[in-house]
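The values are calculated or read from the model by the stated rules, or taken from the named source; none is laboratory data. All figures in this text were calculated on a predicted structure; none of them were measured in a lab. FYI the Cβ positions are ideal-geometry reconstructions off the backbone, even for glycines, and counts take in every protein chain you see.
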Amino acid sequence: MAAPVTLSVENDTPSSQTRSGVRRGTDLLLCVVLVVASLAFCAKHVSGHDETSPIDEYMYIDYYAKVLDHGYVKQGERTGDYARRYLSCHPNRVFGAWQPQLCGAHRSRPDASYPFDGKTWANLYTPLYFLTVRVAAEPLVWAGVDFVQAGRYATGLWLVLGVILLYLVLRRLKVHPAVAFAASLTMSGSLAAYWSNTYISTDATGLAAGAGMLWATIHFLDQPGRRRAFLFVAAAVFFAAFKIQNLEAVAVVAVWLVLTAWQRSGDEPARAGERLRRTVSDLYTRVAVGGMMAGAAVQAVWLAFRAANSLGPDPNQGVSGGFSFAHAILDMTAFLPGVAEAGLASPEVGPWGEISVRLVTLVVVGGVIGLAAGRSVRFHDRALAVSVLFASLVAGPALSFATIAVNHLYVPLVARYGIPIMPGMLASAALMVPHESRVARASAVVVAVSVFCVGLAFRQT
């Protein structure tokens with residue numbers, strides 16, 4: 001049987017205990033630095049936002065304002081007065097019809113005067129994200145922070161969770177602390193973090209979902225058993241319940257488990273058919289399929305509930321079009337390396353956006369392709385990179401087909417939908433760095449610090 005993914009075990013001697021204590025101290029210190037860096041990144045940008053995000057934030061603010069009173073918003077529901085008033089005071093450049101001077105004289109206007117004819121289509125999402133952010137924001141609101149700004153600050157906590165989980169995953173995979181820190185800091189300062197975790201956005205859970213599923217998988221690979229299998233499936237249900245795109249994170253690790261099962265099936269000589277049978281019946285495969293099915297089921301239940309409580313059709317988003325084979329091919333290439341941008345075009349956040357995209361593109365593409373095709377790569381590492389590559393290619397068309405099935409229209413895919421795969425990409429890049437090479441480790445840290453510093457310079461133009 002193939003060896004599980006575990007950390008090395010030291011002999012219980014004074015010297016080994018000292019080394020273990022130093023490692024724990026180092027990990028704790030670096031985690032504290034990552035928490036501070038992530039919070040600083042979010043705080044810096046949230047404090048500078050004077051407009052609503054062009055990426056649907058107006059409707060998310062409406063959901064955020066209603067969630068404690070109404071629980072959820074319904075399909076076909078009108079946006080409330082709070083979101084409409086906020087839009088008058090904090091215009092969205094994409095719609096272009098609002099001016100800040102209208103704020104003091106805000107009055108109710110006809111629905112047709114508002115984006116999407118005054119309706120919301122945030123009802124596509126369960127209330128979980130909005131509930132967590134609203135609860136986390138309440139202490140800030142009590143302290144006098146603006147209601148929407150408090151929600152944006154609270155959204156940054158999801159980035160902190162994702163960054164710390166990614167660091168813990170990489171350390172569990174025996175990545176050097178400096179490299180694990182570098183990969184996590186790169187994620188913290190990326191455009192994906194900017195667009196998703198400094199505004200009120202349902203994309204906020206994506207990075208945490210990707211890292212969280214890697215964490216659950218590592219623990220299952222370490223000690224395969226009923227308890228760890230339940231943890232894996234529970235994590236899949238938890239993250240998928242926030243947003244359907246988070247199923248991409250489940251898909252990455254599900255493929256990873258199936259590839260591991262295939263390798264285990266070759267421990268004893270067997271024909272291809274017998275090896276396939278062993279793979280299908282392997283615990284890893286069964287848990288992988290169970291996680292995917294459970295995650296998809298929770299979204300199916302929500303969509304059924306949404307349809308049963310609908311007030312009418314969704315508003316016309318103005319972005320739908322015909323679907324063709326060419327669109328499917330384009331969707332296959334949307335996430336790798338598109339996730340490096342993960343929002344509107346990088347010039348939207350100034351010239352530093354282009355630099356960030358190029359740096360992060362080099363990291364994720366080099367990491368995934370290099371680890372998948374490189375020589376002298378451990379099986380588990382290569383399997384992870386192959387899984388990330390597979391999910392990057394397949395998730396785009398799958399999301400498009402799902403949108404067509406649910407909403408009966410095709411919406412051109414955007415790169416930010418691939419955010420849940422990003423932690424797997426960065427993990428692949430970290431695993432590419434030779435553990436014994438000080439130059440390689442130093443280079444990884446330099447790139448990460450550069451990405452983070454560039455990220456601090458983002459500013460909507």
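Things worth noting here:
- Selection count, segment 428-455, where residues are among the hydrophobic types (A, V, I, L, M, F, W, C) and in contact with an Asp or Glu (Cβ under 9 Å, 6 or more places away or on another chain): 2
- From the list SER387, SER392, SER356, the one residue that fits, being closer than 18 Å to SER196 by Cα, in a helix (DSSP H, G or I) and polar (S, T, N, Q), is SER356.
- Whichever residue in segment 415-461 is part of a helix (DSSP H, G or I) and among the basic types (Lys, Arg) and, among such residues, is nearest to SER47 (Cα to Cα): ARG416
- Verdict on ARG264 being more than 24 Å from VAL368 (Cα to Cα) and either over 18 Å from the mean Cα position of the chain (by Cα) or crowded, with 22+ Cβ neighbours inside 10 Å (or both): no
- Summed over segment 34-47, the residues that are within 17 Å of LEU140 (Cα to Cα) and surrounded by fewer than 19 Cβ atoms within 10 Å (Cβ to Cβ) give a count of 5.
- The one condition in (1) under 28 Å from LYS74 (Cα atoms); (2) in contact (Cβ under 8 Å) with a residue 60 or more places away in the chain; (3) over 23 Å from the mean Cα position of the chain (by Cα) that VAL237 fails to fulfil: (3)
- The residue that is surrounded by the most Cβ atoms within 10 Å (Cβ to Cβ), counting only those in segment 323-361 that are farther than 20 Å from HIS45 by Cα, of a type outside the set (Ser, Thr, Tyr) and without any contact (Cβ under 8 Å) to a residue 60 or more places away in the chain, is PRO337.
- Those helices (runs of 4 or more DSSP H) of segment 214-330 in which 3 or more residues are β-branched (Val, Ile, Thr) occupy 247-265, 283-308.
- So GLY291, is it farther than 25 Å from LEU413 by Cβ and not acidic (Asp, Glu): no
- Criterion: at pLDDT below 90 and closer than 14 Å to VAL73 by Cα - qualifying residue of ASP314, ASP331: ASP314
- Whenever a residue of segment 275-292 is more than 12 Å from ALA229 (Cβ to Cβ), its partners that are outside any helix (DSSP H, G or I), lying with C-beta atoms within less than 8 angstrom and at least six residues away or across chains, give the pairs ARG275/GLY266; ARG278/ALA270.
- One residue stands out among those in segment 412-461 that are among the aromatic types (Phe, Trp, Tyr) and touching a Leu at 6+ places or on another chain (Cβ under 7 Å): the one that is surrounded by the most Cβ atoms within 10 Å (Cβ to Cβ), which is TYR417.
- Of all residues in segment 367-377, those satisfying the criterion of being small (Gly, Ala, Ser) and either in contact with a Phe, Trp or Tyr (Cβ under 6 Å, 6 or more places away or on another chain) or surrounded by 15 or more Cβ atoms within 10 Å (Cβ to Cβ) (or both) are GLY367, GLY370, ALA372.
- ALA297 meets each of the listed conditions (1) at pLDDT 95 or above; (2) in contact with a Gly (Cβ under 6 Å, 6 or more places away or on another chain) apart from (2).
- For segment 73-92, a tally of residues being without any contact (Cβ under 8 Å) to a residue 60 or more places away in the chain and over 17 Å from SER113 (Cβ atoms) returns 1.
- Criterion: of a type outside the set (A, V, I, L, M, F, W, C) and assigned to a helix (DSSP H, G or I) - qualifying residue of PRO412, PRO397: PRO397
- The residues on offer are LEU173, LEU191, and the sole one that is more than 29 Å from ASP282 (Cα to Cα) and of a type in the set (A, V, I, L, M) is LEU191.
- Leading residue by the ranking (modelled with the lowest pLDDT) among those in segment 85-111 that are more than 30 Å from GLN245 (Cα to Cα) and hydrophobic (A, V, I, L, M, F, W, C): ALA97
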